[in-house]
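A quick write-up on the structure given underneath.
The values are calculated or read from the model by the stated rules, or taken from the named source; none is laboratory data. Just so it is clear, the model here is predicted, and its values are computed rather than measured. Cβ: placed from backbone, ideal geometry, glycine included. Neighbour counts: every protein chain shown. Side chains included, ligands, DNA and RNA excluded: accessible areas come from the protein's heavy atoms. Shrake-Rupley method; radii C 1.70, N 1.55, O 1.52, S 1.80 Å.
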Amino acid sequence: MAVLSVNVNKIATLRNSRGGDVPNLVQVAKDIEAFGGQGITIHPRPDERHIRYQDAFDLKETVTTELNIEGNPIPKFKKLVLDTLPAQVTLVPDGDDNITSDAGWDTITHQSFLKDVITEFKEAGIRTSIFIDTGNPNLIEAAATTGADRVELYTEKFALEYGKGNKGVITEYAEAAKLANQLGMGVNAGHDLSLKNINFFAKNIPELAEVSIGHALISEALYYGLQNVVNMYLYKLQDVL
């Protein structure tokens, strides 16, 4: 079964909207783990508009499952990762003003840079993953040459097409996952996965090791409650067996 890592950025956004410490990010992360969540993901950005860099240190001290830190490996981000030593770092080519992630890496153009970054993180004992688009198999092949342990499939296109009733879009993702696995990389996935589409996605990607879900999960929790939603995702991921 794929591991469910819950992205808590939206909890930090809510906290920051009023200042103070409500909701308490660390407590929410603890609760998610108690409810069955198998990992916590954060994606700090340079302006710290949701996740603050200090949050990474606080969560490192308290997360008992796996902490995954996502972001663009600018010097400030690299230092944060090397200082906190999470279980996994996911490299995402975000611009400073991105509202959310909107593209995977061009692993051909940036291959040398990614190799250097990945080597540094792996020497520190951190599992590395590259956020990547699925339409071009050459990008998957180039990702493998960087030394990355995993790729994270960027699933916005899947979610949009599936929502329109186009289930055939899964073929692109299934082929990308199979190729990544054949090249020795694990397969993660994230972006716009939700209760509506996660079961179909997971059933068709047998190589899937981990999903990172934040915006949809927190939004769904407004209706069903956080504990219920975490368990609903776990059920849908288990139901692929």
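What does the convex hull of the Cα atoms come to per residue for the range 133-202, in Å³?
So the per-residue hull volume is 72 Å³.
Among the GluC sites (Glu not before Pro) in the range 31-100, which ones are in a DSSP loop with at most 13 other Cβ atoms within 10 Å of the Cβ? Mind listing them?
Those that pass, being in a loop and sparsely packed, are Glu48.
Taking only C-alpha pairs under 8 Å that are 6+ residues apart, what is the relative contact order of the range 1-114 in percent?
Relative contact order here is 21 percent.
Projecting each Cα onto the charge dipole of the chain (Lys/Arg +1, Asp/Glu -1 at the beta carbon, about the Cα centre), which of His215, Ile32, Val92 comes out farthest on the positive side?
Looking along the dipole axis, the top candidate is Ile32.
In whole angstrom, note down how far apart the Cα centers of the range 148-183 and the range 51-68 are.
With the range 148-183 and the range 51-68 each reduced to a Cα centre, they are spaced 28 Å.
In a shell of Cβ-Cβ distance under 14 Å around Asn197, excluding Asn197 itself, what net charge do Lys and Arg (+1) and Asp and Glu (-1) give?
+1
Grab every C-alpha pair in the chain, bin the distances at 10 angstrom width from 0 up to the longest one, and report whole percents.
8, 34, 38, 18, 2
If DNA, RNA and ligands are ignored and the probe is 1.4 Å, what is the ranking of His43, His110, His191 by accessible area, most exposed first?
His110, His191, His43
Given N residues in the range 1-97, what is its alpha carbon radius of gyration divided by 2.2 N^0.38 Å?
Taking the Cα Rg and dividing by 2.2 N^0.38 Å, one obtains 1.01.
Tell me whether the range 102-241 comes out rounded, prolate or oblate; compute the Cα gyration tensor, take square roots of the eigenvalues as a ≥ b ≥ c, and use a/c under 1.5 as the rounded threshold.
prolate
Would you calculate the volume per residue, in Å³, of the smallest convex hull containing every Cα atom of the range 116-170?
73
Defining a contact as two alpha carbons under 8 Å apart and six or more residues distant in sequence, what relative contact order in percent does the chain show?
Computed over the chain, the figure is 20 percent.
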